[in-house]
Amino acid sequence: MVIEKSAMAGTLESSDAQVTVEPADDLQISVSSSVLNQYGRQIKATVEATLERLEVTSGHVTVVDKGALDCTLKARVECAVFRSCDISASDVPWGGVIR
Amino acid sequence: MTQHVTRPKPEKNRLRRTMMFMNAQKPGLIKDAYIYGADTIMLDLEDAVAESQKDAARFSLYHALTTIDYGDTEVLVRINGLDTPHWQEDIRVAVAGGADGIRIAKCESAQDVKTVEEHILMAEREFGIEEGRTLIMAALESARGVVNAYEICTASDRLFGVALAGGDFRKDMRVKVTESGIDIMVARGMMLLAARAAGVQCFDTNFADFKNMEGFENEVRQNHQMGFDGKSIINPRQIRLVHQVFTPSAKEVDHAERLVRAYNEQASAGVGVFTFEGKMVDIAHVRDAQDLLKLAKASGVYHGDL
(Lines give C-alpha, C1' and ligand atoms only; values in the text may rest on other atoms or scores of the structure.)
Protein backbone atom coordinates (compact mmCIF):
# COMPACT_ATOMS: atom_id res chain seq x y z
CA MET A 1 0.00 0.00 0.00
CA VAL A 2 1.07 3.58 -0.64
CA ILE A 3 0.47 6.28 1.92
CA GLU A 4 -1.39 8.83 -0.15
CA LYS A 5 -2.08 11.55 2.38
CA SER A 6 -1.56 12.33 6.04
CA ALA A 7 -3.80 10.36 8.35
CA MET A 8 -4.05 9.58 12.03
CA ALA A 9 -5.65 6.92 14.22
CA GLY A 10 -5.82 6.33 17.96
CA THR A 11 -5.83 8.55 21.01
CA LEU A 12 -3.53 9.64 23.81
CA GLU A 13 -5.54 7.78 26.44
CA SER A 14 -3.92 5.19 28.66
CA SER A 15 -3.45 1.77 26.96
CA ASP A 16 -3.82 3.40 23.54
CA ALA A 17 -1.43 4.72 20.91
CA GLN A 18 -1.75 7.56 18.45
CA VAL A 19 -0.33 6.76 15.04
CA THR A 20 0.26 9.35 12.31
CA VAL A 21 1.30 8.47 8.78
CA GLU A 22 2.55 10.94 6.15
CA PRO A 23 3.57 10.45 2.54
CA ALA A 24 7.38 10.46 2.02
CA ASP A 25 10.04 9.00 -0.28
CA ASP A 26 11.73 6.97 2.43
CA LEU A 27 10.41 4.90 5.33
CA GLN A 28 10.92 6.41 8.78
CA ILE A 29 9.39 5.25 12.04
CA SER A 30 9.63 7.31 15.18
CA VAL A 31 8.32 6.07 18.50
CA SER A 32 7.78 7.95 21.72
CA SER A 33 6.39 6.06 24.66
CA SER A 34 5.75 6.27 28.34
CA VAL A 35 7.43 2.84 28.52
CA LEU A 36 10.13 3.45 25.90
CA ASN A 37 12.97 2.01 27.96
CA GLN A 38 11.29 -1.34 28.58
CA TYR A 39 9.24 -1.76 25.42
CA GLY A 40 10.60 0.69 22.82
CA ARG A 41 12.20 -2.04 20.73
CA GLN A 42 9.13 -4.26 20.84
CA ILE A 43 6.82 -1.41 19.86
CA LYS A 44 9.01 -0.57 16.90
CA ALA A 45 9.18 -4.22 15.85
CA THR A 46 5.37 -4.51 15.95
CA VAL A 47 4.94 -1.32 13.90
CA GLU A 48 7.54 -2.51 11.38
CA ALA A 49 5.95 -5.94 11.04
CA THR A 50 2.51 -4.37 10.54
CA LEU A 51 3.79 -2.01 7.85
CA GLU A 52 5.55 -4.89 6.15
CA ARG A 53 2.34 -6.92 6.16
CA LEU A 54 0.53 -3.95 4.57
CA GLU A 55 3.41 -3.65 2.08
CA VAL A 56 4.05 -0.06 3.05
CA THR A 57 7.60 0.70 1.94
CA SER A 58 7.70 4.46 2.28
CA GLY A 59 6.24 7.12 4.52
CA HIS A 60 6.83 8.79 7.84
CA VAL A 61 5.16 6.98 10.69
CA THR A 62 4.94 8.56 14.13
CA VAL A 63 3.78 6.56 17.13
CA VAL A 64 2.93 8.14 20.47
CA ASP A 65 2.45 5.12 22.71
CA LYS A 66 0.56 5.22 26.00
CA GLY A 67 1.14 1.63 27.01
CA ALA A 68 -0.78 -0.05 24.18
CA LEU A 69 -0.90 -3.80 23.76
CA ASP A 70 0.45 -5.24 20.51
CA CYS A 71 -3.08 -5.81 19.18
CA THR A 72 -3.90 -2.13 19.78
CA LEU A 73 -0.73 -0.94 18.06
CA LYS A 74 -1.53 -3.08 15.04
CA ALA A 75 -5.11 -1.78 14.92
CA ARG A 76 -3.97 1.85 15.05
CA VAL A 77 -1.24 1.47 12.41
CA GLU A 78 -3.60 -0.38 10.06
CA CYS A 79 -6.38 2.15 10.52
CA ALA A 80 -4.04 5.10 9.88
CA VAL A 81 -2.69 3.52 6.68
CA PHE A 82 -6.18 2.59 5.45
CA ARG A 83 -7.40 6.10 6.24
CA SER A 84 -4.52 7.57 4.25
CA CYS A 85 -5.90 5.70 1.22
CA ASP A 86 -9.56 6.49 2.05
CA ILE A 87 -10.46 2.79 2.30
CA SER A 88 -10.96 2.37 6.04
CA ALA A 89 -14.78 2.47 6.11
CA SER A 90 -15.89 -0.50 4.00
CA ASP A 91 -14.79 -3.79 2.43
CA VAL A 92 -11.77 -4.02 4.71
CA PRO A 93 -9.92 -7.34 4.16
CA TRP A 94 -10.52 -8.76 7.64
CA GLY A 95 -8.49 -11.90 8.08
CA GLY A 96 -6.59 -11.11 4.89
CA VAL A 97 -3.99 -8.39 5.15
CA ILE A 98 -5.65 -7.38 8.43
CA ARG A 99 -4.80 -10.23 10.77
CA MET B 1 1.15 -15.68 11.04
CA THR B 2 -0.50 -14.36 14.15
CA GLN B 3 -1.97 -16.84 16.59
CA HIS B 4 -5.71 -16.59 16.63
CA VAL B 5 -8.01 -17.21 19.54
CA THR B 6 -10.61 -19.82 18.62
CA ARG B 7 -13.83 -19.32 20.50
CA PRO B 8 -16.07 -22.29 21.28
CA LYS B 9 -19.30 -22.57 19.28
CA PRO B 10 -21.85 -20.12 20.75
CA GLU B 11 -24.76 -21.61 22.69
CA LYS B 12 -28.18 -20.22 21.93
CA ASN B 13 -29.51 -20.97 25.40
CA ARG B 14 -26.97 -20.05 27.99
CA LEU B 15 -26.70 -18.10 31.20
CA ARG B 16 -26.97 -14.38 30.48
CA ARG B 17 -27.63 -12.60 33.77
CA THR B 18 -25.41 -9.64 32.94
CA MET B 19 -24.42 -8.02 29.65
CA MET B 20 -21.73 -5.45 30.15
CA PHE B 21 -21.31 -2.75 27.51
CA MET B 22 -17.80 -1.73 26.45
CA ASN B 23 -16.76 0.87 23.90
CA ALA B 24 -14.93 -1.12 21.19
CA GLN B 25 -12.83 1.95 20.40
CA LYS B 26 -11.27 2.05 23.89
CA PRO B 27 -8.40 -0.42 24.26
CA GLY B 28 -8.13 0.25 27.99
CA LEU B 29 -11.64 -1.12 28.46
CA ILE B 30 -11.74 -4.08 26.12
CA LYS B 31 -8.39 -5.61 26.93
CA ASP B 32 -9.45 -6.99 30.29
CA ALA B 33 -13.23 -6.73 30.11
CA TYR B 34 -13.68 -10.39 31.01
CA ILE B 35 -12.02 -10.24 34.44
CA TYR B 36 -15.07 -8.63 36.00
CA GLY B 37 -17.09 -11.81 35.53
CA ALA B 38 -20.09 -10.61 33.53
CA ASP B 39 -21.81 -13.47 31.69
CA THR B 40 -21.71 -11.51 28.44
CA ILE B 41 -19.57 -8.68 27.14
CA MET B 42 -21.11 -6.37 24.60
CA LEU B 43 -18.45 -4.71 22.47
CA ASP B 44 -20.12 -1.58 21.22
CA LEU B 45 -19.71 -0.07 17.77
CA GLU B 46 -22.84 2.04 18.12
CA ASP B 47 -23.62 4.83 20.57
CA ALA B 48 -20.37 4.71 22.52
CA VAL B 49 -18.28 5.28 19.40
CA ALA B 50 -18.10 8.77 17.87
CA GLU B 51 -19.25 9.06 14.27
CA SER B 52 -15.70 9.89 13.11
CA GLN B 53 -14.24 6.81 14.81
CA LYS B 54 -16.49 4.04 13.48
CA ASP B 55 -13.72 2.76 11.20
CA ALA B 56 -11.05 2.82 13.91
CA ALA B 57 -13.34 0.99 16.31
CA ARG B 58 -13.65 -1.90 13.83
CA PHE B 59 -9.89 -2.34 13.53
CA SER B 60 -9.65 -2.32 17.28
CA LEU B 61 -12.57 -4.77 17.57
CA TYR B 62 -11.13 -7.20 15.04
CA HIS B 63 -7.85 -7.51 16.90
CA ALA B 64 -9.54 -7.73 20.29
CA LEU B 65 -11.77 -10.57 19.06
CA THR B 66 -8.92 -12.50 17.52
CA THR B 67 -6.24 -11.85 20.13
CA ILE B 68 -7.82 -11.60 23.55
CA ASP B 69 -8.90 -14.83 25.22
CA TYR B 70 -12.28 -14.06 26.79
CA GLY B 71 -12.64 -17.62 28.08
CA ASP B 72 -16.22 -18.65 28.91
CA THR B 73 -17.50 -15.09 28.72
CA GLU B 74 -19.86 -14.61 25.83
CA VAL B 75 -18.72 -11.89 23.43
CA LEU B 76 -21.34 -10.03 21.42
CA VAL B 77 -21.03 -7.00 19.18
CA ARG B 78 -23.57 -4.19 19.04
CA ILE B 79 -23.77 -2.94 15.47
CA ASN B 80 -24.98 0.42 14.26
CA GLY B 81 -28.61 0.85 13.24
CA LEU B 82 -29.86 -0.21 9.82
CA ASP B 83 -30.51 3.47 9.03
CA THR B 84 -26.77 4.26 9.16
CA PRO B 85 -23.99 3.70 6.59
CA HIS B 86 -22.07 1.54 9.11
CA TRP B 87 -23.97 -1.64 9.85
CA GLN B 88 -22.85 -3.75 6.90
CA GLU B 89 -19.17 -3.32 7.66
CA ASP B 90 -19.97 -3.83 11.35
CA ILE B 91 -21.43 -7.24 10.51
CA ARG B 92 -18.45 -8.16 8.34
CA VAL B 93 -15.92 -7.39 11.05
CA ALA B 94 -17.91 -9.04 13.85
CA VAL B 95 -18.36 -12.26 11.88
CA ALA B 96 -14.78 -12.28 10.59
CA GLY B 97 -13.49 -11.81 14.13
CA GLY B 98 -15.55 -14.75 15.37
CA ALA B 99 -17.93 -12.89 17.70
CA ASP B 100 -20.55 -15.13 19.32
CA GLY B 101 -23.37 -12.92 18.14
CA ILE B 102 -24.66 -9.58 16.99
CA ARG B 103 -27.02 -7.20 18.72
CA ILE B 104 -29.25 -5.31 16.33
CA ALA B 105 -29.73 -1.77 17.56
CA LYS B 106 -33.12 -0.08 17.05
CA CYS B 107 -34.78 -3.22 15.72
CA GLU B 108 -38.34 -2.52 14.59
CA SER B 109 -39.56 -5.47 12.52
CA ALA B 110 -39.02 -9.07 11.52
CA GLN B 111 -37.62 -7.71 8.26
CA ASP B 112 -34.82 -5.94 10.18
CA VAL B 113 -33.82 -9.28 11.71
CA LYS B 114 -33.98 -11.04 8.34
CA THR B 115 -31.86 -8.33 6.71
CA VAL B 116 -29.18 -8.70 9.35
CA GLU B 117 -29.40 -12.50 9.14
CA GLU B 118 -28.85 -12.35 5.39
CA HIS B 119 -25.73 -10.23 5.79
CA ILE B 120 -24.42 -12.43 8.57
CA LEU B 121 -24.73 -15.45 6.28
CA MET B 122 -22.93 -13.58 3.50
CA ALA B 123 -20.14 -12.70 5.90
CA GLU B 124 -19.91 -16.27 7.23
CA ARG B 125 -19.43 -17.46 3.65
CA GLU B 126 -16.96 -14.70 2.84
CA PHE B 127 -14.77 -15.41 5.85
CA GLY B 128 -15.11 -19.19 6.00
CA ILE B 129 -16.98 -19.17 9.31
CA GLU B 130 -19.33 -22.09 10.01
CA GLU B 131 -22.75 -21.16 8.61
CA GLY B 132 -25.28 -20.48 11.35
CA ARG B 133 -22.64 -19.97 14.03
CA THR B 134 -23.26 -16.28 14.66
CA LEU B 135 -26.22 -15.61 16.95
CA ILE B 136 -28.56 -12.62 16.91
CA MET B 137 -30.27 -10.58 19.58
CA ALA B 138 -32.54 -7.64 18.95
CA ALA B 139 -32.77 -4.41 20.90
CA LEU B 140 -36.20 -2.81 20.96
CA GLU B 141 -35.83 0.94 21.26
CA SER B 142 -39.13 2.33 19.98
CA ALA B 143 -42.86 1.88 20.42
CA ARG B 144 -42.95 0.23 17.00
CA GLY B 145 -40.23 -2.24 18.01
CA VAL B 146 -42.08 -3.22 21.19
CA VAL B 147 -45.42 -3.57 19.39
CA ASN B 148 -43.71 -5.86 16.86
CA ALA B 149 -41.87 -7.85 19.54
CA TYR B 150 -43.42 -11.23 18.72
CA GLU B 151 -42.67 -11.11 14.99
CA ILE B 152 -39.14 -10.01 15.86
CA CYS B 153 -38.72 -12.86 18.38
CA THR B 154 -39.77 -15.44 15.79
CA ALA B 155 -37.96 -13.98 12.77
CA SER B 156 -34.81 -16.11 12.87
CA ASP B 157 -33.47 -19.38 14.27
CA ARG B 158 -30.34 -17.51 15.24
CA LEU B 159 -32.22 -15.09 17.51
CA PHE B 160 -31.70 -15.98 21.17
CA GLY B 161 -33.37 -13.01 22.79
CA VAL B 162 -34.62 -9.45 22.89
CA ALA B 163 -33.73 -6.53 25.10
CA LEU B 164 -35.36 -3.24 25.87
CA ALA B 165 -33.19 -0.17 25.35
CA GLY B 166 -34.69 2.36 27.73
CA GLY B 167 -33.00 5.57 26.62
CA ASP B 168 -34.35 5.74 23.10
CA PHE B 169 -37.60 4.03 24.03
CA ARG B 170 -38.39 6.67 26.66
CA LYS B 171 -37.72 9.41 24.13
CA ASP B 172 -40.10 7.76 21.69
CA MET B 173 -42.78 7.52 24.40
CA ARG B 174 -42.06 11.02 25.74
CA VAL B 175 -41.60 9.75 29.30
CA LYS B 176 -38.85 10.17 31.87
CA VAL B 177 -37.18 7.62 34.15
CA THR B 178 -39.27 6.92 37.26
CA GLU B 179 -38.25 5.14 40.43
CA SER B 180 -41.21 2.75 40.27
CA GLY B 181 -40.54 1.83 36.65
CA ILE B 182 -44.07 2.74 35.59
CA ASP B 183 -42.67 4.69 32.63
CA ILE B 184 -41.67 1.50 30.79
CA MET B 185 -43.75 -1.08 32.66
CA VAL B 186 -46.06 -1.88 29.73
CA ALA B 187 -43.13 -2.22 27.32
CA ARG B 188 -41.37 -4.59 29.71
CA GLY B 189 -44.52 -6.68 30.03
CA MET B 190 -45.24 -6.80 26.31
CA MET B 191 -41.68 -7.72 25.48
CA LEU B 192 -41.60 -10.47 28.12
CA LEU B 193 -44.86 -11.96 26.86
CA ALA B 194 -43.60 -11.96 23.28
CA ALA B 195 -40.25 -13.49 24.23
CA ARG B 196 -41.82 -16.24 26.34
CA ALA B 197 -44.40 -16.99 23.66
CA ALA B 198 -41.57 -17.36 21.16
CA GLY B 199 -39.35 -19.30 23.55
CA VAL B 200 -36.44 -16.83 23.56
CA GLN B 201 -34.70 -14.92 26.32
CA CYS B 202 -35.56 -11.43 27.50
CA PHE B 203 -33.31 -8.75 28.98
CA ASP B 204 -34.01 -5.47 30.70
CA THR B 205 -32.48 -2.11 29.93
CA ASN B 206 -29.51 -0.73 31.85
CA PHE B 207 -29.79 1.39 34.98
CA ALA B 208 -27.89 4.55 34.15
CA ASP B 209 -27.50 6.12 37.61
CA PHE B 210 -24.85 3.66 38.75
CA LYS B 211 -24.16 5.54 41.99
CA ASN B 212 -27.70 4.89 43.19
CA MET B 213 -27.25 1.32 44.39
CA GLU B 214 -30.55 1.21 46.26
CA GLY B 215 -32.57 2.23 43.21
CA PHE B 216 -30.57 -0.26 41.17
CA GLU B 217 -31.30 -3.08 43.58
CA ASN B 218 -35.03 -2.35 43.53
CA GLU B 219 -35.05 -2.42 39.76
CA VAL B 220 -33.05 -5.66 39.55
CA ARG B 221 -35.41 -7.37 42.01
CA GLN B 222 -38.39 -6.19 40.03
CA ASN B 223 -36.78 -7.45 36.80
CA HIS B 224 -36.32 -10.84 38.40
CA GLN B 225 -39.88 -10.96 39.67
CA MET B 226 -41.21 -10.06 36.23
CA GLY B 227 -39.36 -12.96 34.65
CA PHE B 228 -36.40 -11.39 32.87
CA ASP B 229 -33.35 -13.56 32.16
CA GLY B 230 -30.88 -10.77 32.78
CA LYS B 231 -29.98 -7.14 32.46
CA SER B 232 -27.73 -4.80 30.51
CA ILE B 233 -25.15 -3.15 32.71
CA ILE B 234 -22.75 -0.29 32.17
CA ASN B 235 -20.49 -0.56 35.18
CA PRO B 236 -18.67 -3.58 36.66
CA ARG B 237 -19.93 -2.55 40.10
CA GLN B 238 -23.40 -3.62 39.03
CA ILE B 239 -22.46 -7.24 38.26
CA ARG B 240 -22.45 -8.75 41.72
CA LEU B 241 -25.91 -7.68 42.71
CA VAL B 242 -27.52 -8.86 39.48
CA HIS B 243 -25.85 -12.25 39.83
CA GLN B 244 -26.98 -12.48 43.43
CA VAL B 245 -30.59 -11.74 42.58
CA PHE B 246 -30.67 -13.96 39.48
CA THR B 247 -28.93 -16.93 41.09
CA PRO B 248 -31.10 -19.41 43.04
CA SER B 249 -30.47 -19.48 46.80
CA ALA B 250 -29.18 -22.60 48.57
CA LYS B 251 -32.64 -23.11 50.06
CA GLU B 252 -34.33 -22.96 46.66
CA VAL B 253 -31.79 -25.36 45.18
CA ASP B 254 -32.26 -27.79 48.04
CA HIS B 255 -36.06 -27.70 47.72
CA ALA B 256 -35.94 -28.13 43.93
CA GLU B 257 -33.57 -31.05 44.22
CA ARG B 258 -35.77 -32.87 46.73
CA LEU B 259 -38.87 -32.20 44.67
CA VAL B 260 -37.35 -33.52 41.46
CA ARG B 261 -36.06 -36.63 43.24
CA ALA B 262 -39.49 -37.26 44.78
CA TYR B 263 -41.07 -36.84 41.34
CA ASN B 264 -38.61 -39.23 39.70
CA GLU B 265 -39.49 -41.89 42.26
CA GLN B 266 -43.23 -41.32 41.77
CA ALA B 267 -42.97 -41.17 37.99
CA SER B 268 -41.31 -44.55 37.77
CA ALA B 269 -44.29 -45.86 39.73
CA GLY B 270 -46.61 -44.26 37.16
CA VAL B 271 -48.03 -41.44 39.32
CA GLY B 272 -48.93 -38.02 37.85
CA VAL B 273 -50.01 -35.58 40.55
CA PHE B 274 -48.51 -36.32 43.95
CA THR B 275 -48.03 -34.90 47.41
CA PHE B 276 -44.66 -33.49 48.37
CA GLU B 277 -44.01 -32.25 51.90
CA GLY B 278 -47.71 -31.72 52.49
CA LYS B 279 -48.44 -29.87 49.22
CA MET B 280 -49.94 -31.04 45.99
CA VAL B 281 -47.44 -31.03 43.15
CA ASP B 282 -48.07 -31.39 39.43
CA ILE B 283 -45.80 -31.57 36.42
CA ALA B 284 -45.55 -27.75 36.04
CA HIS B 285 -43.92 -27.48 39.47
CA VAL B 286 -41.50 -30.19 38.50
CA ARG B 287 -40.51 -28.37 35.31
CA ASP B 288 -40.01 -25.19 37.36
CA ALA B 289 -37.75 -27.08 39.73
CA GLN B 290 -35.83 -28.63 36.84
CA ASP B 291 -35.33 -25.19 35.28
CA LEU B 292 -34.16 -23.82 38.60
CA LEU B 293 -31.59 -26.60 38.94
CA LYS B 294 -30.39 -25.93 35.40
CA LEU B 295 -29.96 -22.25 36.21
CA ALA B 296 -28.25 -23.13 39.50
CA LYS B 297 -25.88 -25.46 37.69
CA ALA B 298 -25.01 -22.85 35.09
CA SER B 299 -24.48 -20.31 37.86
CA GLY B 300 -22.09 -22.67 39.63
CA VAL B 301 -24.16 -23.16 42.81
CA TYR B 302 -25.41 -26.71 42.11
CA HIS B 303 -23.14 -29.62 41.34
CA GLY B 304 -25.57 -32.51 41.73
CA ASP B 305 -26.57 -35.03 39.11
CA LEU B 306 -30.13 -33.81 38.36
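Beta bridges assigned by DSSP with both partners in chain B are antiparallel in approximately 10 percent of cases.
Amide H contacts of B:GLY161 (H built 1.01 Å from N, in plane; Pro and chain starts excluded): B:ALA138, B:GLN201 sit under 5 Å, all sequence-distant by 5 or more or on other chains. Annotation: amide H of B:ILE102 within the under-5 Å range of B:VAL77, B:LEU135, B:ILE136, B:MET137, sequence separation 5 or more or interchain, hydrogens built in the peptide plane.
For the stretch B:137-198 and the stretch B:226-290, write down the distance between their C-alpha centroids in whole Å. If you average the Cα positions of each part, the centres end up 26 Å apart. Take the Cα of B:ASP172, step 7 Å toward its Cβ, do the same at A:GLU4, and the gap between the two points is 4.0 nm. Surface burial for A against B, with a 1.4 Å probe and both sides summed, reaches about 2000 Å² of accessible area. Amide hydrogen proximity for B:ILE41: with H placed 1.01 Å from N in the peptide plane, the residues at 5 or more positions away or on another chain lying under 5 Å are B:MET20, B:GLU74, B:VAL75, B:LEU76.
Label-to-label distance, B:GLU126 versus B:ALA298, with points set 7 angstrom from Cα along the beta-carbon direction: 3.2 nm. Here is the size of the stretch B:250-298 from its Cα atoms: Rg then Dmax, 10.5, 30 Å. Can you give me the solvent accessible area of A:VAL21 with a 1.4 Å probe, rounded to the nearest 10 Å²? Looks like 0 Å² after rounding.
In loop segments of the stretch B:155-256 as defined by DSSP, the GluC sites (Glu not before Pro) with at most 16 further C-beta atoms inside 10 Å of their C-beta are B:GLU179.
About its Cα centre, how strong a charge dipole does chain A have in debye, to the nearest 20, once Lys and Arg get +1 and Asp and Glu get -1 at the Cβ?
For chain A, the charge dipole is close to 280 debye.
Extension gain for the segment B:ASN212 to B:LYS9, taken as residue separation times 0.36 nm less the Cα-Cα distance, is 69.3 nm to one decimal. In a fully extended conformation the segment linking B:ASN235 and B:ALA143 would gain 30.4 nm over its present Cα-Cα distance, using 0.36 nm per residue.
Within the stretch A:22-55, the GluC sites (Glu not before Pro) that combine a DSSP coil assignment with at most 15 other C-beta atoms in a 10 angstrom radius are A:GLU55. The local environment of A:THR72, defined by Cβ-Cβ distances under 12 Å, has a net charge of 0 under the rule Lys, Arg +1 and Asp, Glu -1. Calculated mean residue ellipticity at 222 nm for chain A: -11000 deg cm²/dmol, from DSSP H runs with n ≥ 4 weighted as -39500 (n - 2.57), summed, divided by the residue count and rounded to 500. With a cut-off of 14 Å between beta carbons, the residues surrounding B:VAL116 carry a summed charge of -4, where Lys and Arg count +1 and Asp and Glu -1. Secondary-structure-derived ellipticity at 222 nm for chain B, considering helices only, amounts to -13500 deg cm²/dmol, per-run term -39500 (n - 2.57) for DSSP H runs with n ≥ 4.
A probe of 1.4 angstrom, applied to the heavy atoms of all protein chains, finds B:ARG237 with accessible area near 130 square angstrom. Estimated from the Cβ-Cβ distance and a Förster radius of 25 angstrom, the FRET efficiency linking B:ILE283 and B:ARG258 is about 0.90. With R₀ set to 30 Å, the beta-carbon distance separating B:ASP83 from B:SER52 gives a calculated FRET efficiency near 0.95.
Rounded to the nearest 0.05, what FRET efficiency is calculated for B:ASP157 and A:LEU12 with R0 set to 60 Å and r the Cβ-Cβ distance? Don't skip to the end; give the middle numbers.
Details: r = 45 Å, r/R0 = 0.75.
Given R0 = 60 Å and the Cβ-Cβ separation, E is 0.85.
Pair-distance distribution of chain A: all C-alpha pairs, bin width 10 Å, starting at 0; shares per bin in whole percent are 17, 54, 27, 2. For the stretch A:1-25, list residues with backbone N below 17 Å from a point placed 7 Å from the Cα of A:THR62 toward its Cβ? Within reach of a label on A:THR62: A:4-13, A:17-25. Across the stretch B:18-246, the mean sequence separation of Cα contacts (distance under 8 Å, 6 or more residues apart), normalised by length, yields a relative contact order of 17 percent.
Carbon-plus-sulfur accessible fraction, chain A (probe radius 1.4 Å, protein heavy atoms only): 48%. A probe of 1.4 angstrom, applied to the heavy atoms of all protein chains, finds B:HIS119 with accessible area near 40 square angstrom. Here the Karplus relation 6.51 cos²θ - 1.76 cosθ + 1.60, evaluated at θ = phi - 60°, turns the backbone of the stretch B:144-157 into coupling constants of 4, x, 5, 4, 8, 3, 5, 5, 5, 5, 10, 7, 8, 5 Hz, with x for every Gly and Pro.
How high is the relative contact order of the stretch A:1-76, given as a whole-number percent (alpha carbon pairs under 8 Å, six or more residues apart)?
That works out to 45 percent.
Distance between the 7 Å Cα→Cβ label points at A:ARG53 and A:SER90: 2.5 nm.
The values are calculated or read from the model by the stated rules, or taken from the named source; none is laboratory data. All values derive from a computational prediction rather than experimental measurement. Counting neighbours? That spans all protein chains shown, and the Cβs are built from the backbone with ideal geometry, glycine included. When the accessible area is computed, the model is the full protein with side chains, heavy atoms only, and any ligands, DNA or RNA have been set aside. Shrake-Rupley method; radii C 1.70, N 1.55, O 1.52, S 1.80 Å.
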